[in-house]
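Accompanying notes for the structure given below.
The values are calculated or read from the model by the stated rules, or taken from the named source; none is laboratory data. Just so it is clear, the structure is predicted and the values come from calculations on it, not from any experiment. Neighbour counts are summed over all protein chains in view; Cβ atoms, including those assigned to glycine, are modelled from backbone coordinates with ideal geometry.
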C-alpha cells in the first residue's frame with residue numbers, strides 16, 4: 001500500500017513538474033502571441049487585408065491541429081508504451097517511419113493548397129469577394145510550404161514529451177511567433193501583407209529547428225519507407241478519426257469565420273482577435289496540464305492502474321473548475337477592458353473594440369468546457385479508442401452549425417461565438433457519458449466542487465466589478481485593481497467553502513516552502 005502511495009506521488013510530481021515547465025513556456029508563448037496580435041492589430045486593424053490574412057491563419061489553425069494533435073494522440077501512446085518496455089531502438093524506428101510518412105503527406109498537402117487555393121478559399125470564406133478573395137487566394141499559396149515543417153515538429157514534440165523534456169517540446173510555440181513580429185515591424189511598410197505570409201513559412205521552419213538540440217538520447221533521423229509493421233498499421237487505422245476529433249474545435253472556429261465572412265468588413269478579424277484572446281486564458285493552464293498528463297495517463301493505462309487514473313482525473317478536473325470558472329466569469333465582466341488593454345492602438349479603434357469584446361465575451365463562456373474536453377478526450381485515446389471521440393466530434397460540429405444558423409440571425413457574430421461555447425458544453429456532457437466504459441469519475445466530489453466554485457466566483461468577480469466601477473482609473477490600473485480585489489475575495493471564499501483542492505494545493509505549497 002505504501003509502495004502504491006509512493007508511486008502515485010511520483011507520478012503526481014512528474015505531472016506537477018511538467019505542468020510548471022509547460023506553463024512557464026506557455027506564458028512566454030502567450031506573450032509572444034499577444035505581442036504578435038497587438039502589432040498586427042495596430043498595422044491591420046479590421047480591414048479587408050486583415051480579413052484575408054486571418055482567414056489564411058484560420059486554415060493553418062485547422063490543418064495544423066488536426067495533423068499535429070491527431071498524430072500526437074495515436075503516435076505518443078505506442079511510442080510511450082515501447083519506452084515503458086525499455087525498447088528505445090524500436091520506439092525510435094517507429095518515429096523514423098512516422099516522420100518519413102508525414103513529410104510525404106505534408107508535401108502533398110502543400111501541392112494541393114497551391115493548386116486548389118481558389119476552391120479552398122471559396123469553401124472556407126464563401127462571403128469573400130473582389131480584392132479580399134483575390135488577396136486571400138494569393139496568401140494561401142505563398143504560405144503553403146509552412147506545413148512541411150510544422151508536421152515534423154509535432155512528431156518530435158511527442159518524442160520529447162515521452163522523455164519528459166517538456167521545455168524542448170513547447171519552446172517551438174514561442175519561436176513560431178518571432179518571424180511574424182519581425183515581418184510586421186521591419187517589412188510590412190515595404191512589402192505589405194505578403195511579408196507576413198512569408199513569415200509564416202519561416203515560423204514553421206523555426207518551430208522545427210528549436211526542438212532538435214533537446215533530442216539528446218542518441219536518436220538520429222533516417223528515412224524509412226518500410227511501412228509494413230504492426231504498430232504503424234495500428235496508427236494508420238486510428239489516425240483518420242484522431243485527425244477529425246483532434247481538430248474539431250478548430251473546425252468549429254473555421255465554420256464560425258466562414259459564416260462571419262458573410263457579415264460586414266471586419267467581422268472575420270473581430271472573431272480572430274476574440275478567439276486568440278480566449279486562447280490565452282484557455283491554453284495557459286489546460287493545454288499545459290493536458291500535455292503533461294497524457295504520457296502519465298498512458299503509463300497508468302499500460303500498467304492497468306485504473307483506480308489511480310480515476311483519482312488523478314477527478315483531481316485534475318476539480319482543479320480546472322477551481323481555476324477556470326473565476327477566469328471565465330472575470331473575462332465576461334471585463335471583456336471591454338481586456339480588449340482595450342491588448343489591442344486598442346493604431347488602426348484598432350472603438351468600433352473594433354466593441355466588435356471584438358462581444359465575441360470574446362461569448363467565447364469566454366466556454367473556457368471550462370474546452371479545458372475539460374481536452375483531458376476527457378485523452379482518456380479515450382489512452383485506451384486506443386479513437387471511434388468514440390470521432391463520433392462525438394461529428395455531433396459537436398452538427399450542433400455548432402445548427403446553433404450558428406439560429407443564434408447568428410438574432411445576435412450577429414456574437415451568436416457564432418455563443419454557439420461554439422454551447423456546443424462545447426453539450427459535447428462535454430456526451431463525453432462524460434461515454435467515458436464511463438473506461439473509468440468512473442468521482443461525480444459527487446466534482447458536483448460539490450462545481451457548486452462551491454461557482455458561488456465563490458460569482459460573488460468575488462461581481463464585487464470586483466462593482467467596486468472598480470466606482471473608481472476613475474485608466475484601463476490598465478482598472479484591470480490590476482479588479483484582479484487584486486477579485487483574487488483577494490476569491491481565495492478566502494473557496495477556503496471558507498472548504499473546496500478540497502485548495503487544501504491540497506496549500507499542502508503542496510507548504511511542502512515546497514519547507515523543503516526550500
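Against the condition out of contact with any strand residue (DSSP E or B) (no Cβ under 6 Å at 6 or more places or on another chain), at pLDDT 85 or above, surrounded by fewer than 22 Cβ atoms within 10 Å (Cβ to Cβ) and under 20 Å from residue 56 (Cα atoms), how does residue 148 come out, does it pass? In short, no.
Yes or no, residue by residue, for (1) surrounded by fewer than 18 Cβ atoms within 10 Å (Cβ to Cβ); (2) within 29 Å of residue 400 (Cα to Cα); (3) modelled with pLDDT of 80 or more:
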position: 219; (1), (2), (3): yes, no, yes
position: 249; (1), (2), (3): no, yes, no
position: 252; (1), (2), (3): no, yes, no
position: 283; (1), (2), (3): no, yes, no
position: 290; (1), (2), (3): no, yes, no
position: 297; (1), (2), (3): no, no, no
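To keep it simple, each residue is scored yes or no on (1) under 17 Å from residue 324 (Cα atoms); (2) crowded, with 17+ Cβ neighbours inside 10 Å.
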{"residue": "400", "(1), (2)": "no, yes"}
{"residue": "406", "(1), (2)": "no, no"}
{"residue": "410", "(1), (2)": "no, no"}
{"residue": "418", "(1), (2)": "no, yes"}
{"residue": "442", "(1), (2)": "no, no"}
{"residue": "453", "(1), (2)": "yes, yes"}
{"residue": "468", "(1), (2)": "no, yes"}
{"residue": "472", "(1), (2)": "no, no"}
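Kindly check whether there is at least one residue in segment 170-181 that is without any contact (Cβ under 8 Å) to a residue 60 or more places away in the chain, assigned to a helix (DSSP H, G or I) and within 16 Å of the chain's Cα centre (by Cα). Looking for residues that are without any contact (Cβ under 8 Å) to a residue 60 or more places away in the chain, assigned to a helix (DSSP H, G or I) and within 16 Å of the chain's Cα centre (by Cα), one finds at least one in segment 170-181, hence yes.
For segment 452-461, check the following and say yes or no: at least one residue is out of contact with any strand residue (DSSP E or B) (no Cβ under 6 Å at 6 or more places or on another chain), farther than 30 Å from residue 342 by Cα and touching a residue at least 40 places away in the same chain (Cβ under 8 Å). For segment 452-461, residues out of contact with any strand residue (DSSP E or B) (no Cβ under 6 Å at 6 or more places or on another chain), farther than 30 Å from residue 342 by Cα and touching a residue at least 40 places away in the same chain (Cβ under 8 Å): present.
Among the residues of segment 425-433, is any in contact (Cβ under 8 Å) with a residue 24 or more places away in the chain, in contact with a helix residue (DSSP H, G or I) (Cβ under 9 Å, 6 or more places away or on another chain), under 19 Å from residue 297 (Cα atoms) and not in a helix (DSSP H, G or I)?
If we filter segment 425-433 for residues that are in contact (Cβ under 8 Å) with a residue 24 or more places away in the chain, which is where we start, we get 425-428, 430-432.
Remaining after also requiring in contact with a helix residue (DSSP H, G or I) (Cβ under 9 Å, 6 or more places away or on another chain): 425-428, 430-432.
From what's left, under 19 Å from residue 297 (Cα atoms): 431-432.
Pick out the ones that are also not in a helix (DSSP H, G or I) and you get none.
Taking every residue of segment 425-433 in turn, none turns out to be in contact (Cβ under 8 Å) with a residue 24 or more places away in the chain, in contact with a helix residue (DSSP H, G or I) (Cβ under 9 Å, 6 or more places away or on another chain), under 19 Å from residue 297 (Cα atoms) and not in a helix (DSSP H, G or I).
Just so you know, in segment 182-193 the residues that are surrounded by fewer than 20 Cβ atoms within 10 Å (Cβ to Cβ) and touching a helix residue (DSSP H, G or I) at 6+ places or on another chain (Cβ under 6 Å) include one that is modelled with the highest pLDDT, and it is 187. For segment 151-169, filtered to residues that are at pLDDT 80 or above and not in a helix (DSSP H, G or I), the residue that is nearest to the chain's Cα centre (by Cα) is 165.
Within segment 107-123, the set of residues being closer than 28 Å to residue 235 by Cβ and at pLDDT below 85 comprises 109, 120. Restricting the first member to segment 295-307 and to residues that are on the phi > 0 side of the Ramachandran plot, and the second to residues that are buried (at least 16 other Cβ atoms within 10 Å of the Cβ) and modelled with pLDDT of 75 or more, no beta-carbon pair is closer than 9 Å while six or more apart or on different chains. Residues that are within 23 Å of residue 82 (Cβ to Cβ) and in contact (Cβ under 8 Å) with a residue 12 or more places away in the chain are absent from segment 139-150 altogether. Only one entry in 135, 115, 123 is surrounded by fewer than 17 Cβ atoms within 10 Å (Cβ to Cβ), over 30 Å from residue 165 (Cβ atoms) and over 26 Å from the mean Cα position of the chain (by Cα), namely 115.
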